[in-house]
1. For the chain, which whole-number percentage of the solvent-accessible area (1.4 Å probe, protein heavy atoms only) is attributable to carbon and sulfur atoms?
2. Measure nothing fancy, just the Cα-based angle from helix 91-115's long axis to the longest principal axis of the chain, in degrees from 0 to 90, nearest 10.
3. So for each of 40-52, 2-14 I average, over its residues, the number of other beta carbons within 10 Å; can you give me the resulting order with the highest mean first?
4. Could you give the accessible area per residue of the chain, probe 1.4 Å, as a whole number in Å²?
5. When the helices in the chain are scored as -39500 (n - 2.57) per DSSP H run of 4 or longer and the sum is shared across all residues, what 222 nm value do you end up with, to the nearest 500 deg cm²/dmol?
6. Starting at the first residue of the range 134-139, write each ³J(HN,Hα) from the Karplus equation 6.51 cos²θ - 1.76 cosθ + 1.60 with θ = phi - 60°, in whole Hz, x for Gly and Pro.
7. What residue among Leu161, Phe123, Gly145 has its Cα farthest toward the positive end of the dipole of the range 115-187, where the charges are +1 on Lys, Arg and -1 on Asp, Glu, each on the Cβ?
8. Please state the equivalent ellipsoid semi-axes for the chain: what are the square roots of 5 times the Cα gyration tensor eigenvalues, largest first, in whole Å?
Amino acid sequence: MNWWVLTLTFLAVNLDFFFILLLLLDKFKLRDVVLGYLGGVLVLVVASYFAGQVLAMFLPEWVLGMLGILPIWMALHDNDEDPNSLGNWTPSLTVLVTYLSVCAGCNLSIFLPVLTNVTGVQFVEVLLYVGIFTVIIVCLLKMIGEIPVVKHFMAKYSEILMKVVYVGVGMYVFWDSGLVSHLMKLI
């Protein structure tokens, strides 16, 4: 397992949600945001790993690269969930559901090919690493979110930055899975 690739993948796939986390951290207690976000991240990493193991038995990795279309489609269609539209749920559940609704497709499409060749032992290490990294990220975002210039920047540019990240993530999946090189061989 390449830890740098895992770290960059985690950051890339969650970068768009960091903007939403800043908003959630402004609304809810740190503990609630950590619990909800950690739960969502672990659910999607586990789902990606097991889906990847099953799909890898039947499909070559380059076919899985076609899942990169999901984040690109999400960038082109404005279907962002409003965290305030989730009713009277607990703060942790609100964060969890917000994360799953906004990030499920993107996370699954990225982590699925990344975790396809990971062994069971490596997967446990990945879960521990991602769990610790998730908590650190939320704590850092809490501190960053208090900076006035960050609040202004978020209000002005967060929407376009999320779209750029989604397109970049989709392109990464196309490239990393071998889909691009496979298609180039066909030409």
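1. 74
2. Rounded to the nearest ten degrees, it is 20.
3. Going by the mean number of other Cβ atoms within 10 Å, highest first, we get 40-52, 2-14.
4. The answer is 53 Å² per residue.
5. That comes out to -28000 deg cm²/dmol.
6. 4, 5, 4, 4, 4, 5
7. Result: Leu161, furthest along the dipole toward the positive end.
8. 29, 19, 14
The values are calculated or read from the model by the stated rules, or taken from the named source; none is laboratory data. No experiment lies behind these values; they were computed from the predicted model shown. Counting neighbours? That spans all protein chains shown, and the Cβs are built from the backbone with ideal geometry, glycine included. Note: areas computed on protein heavy atoms with side chains; ligands, DNA, RNA excluded. Shrake-Rupley method; radii C 1.70, N 1.55, O 1.52, S 1.80 Å.
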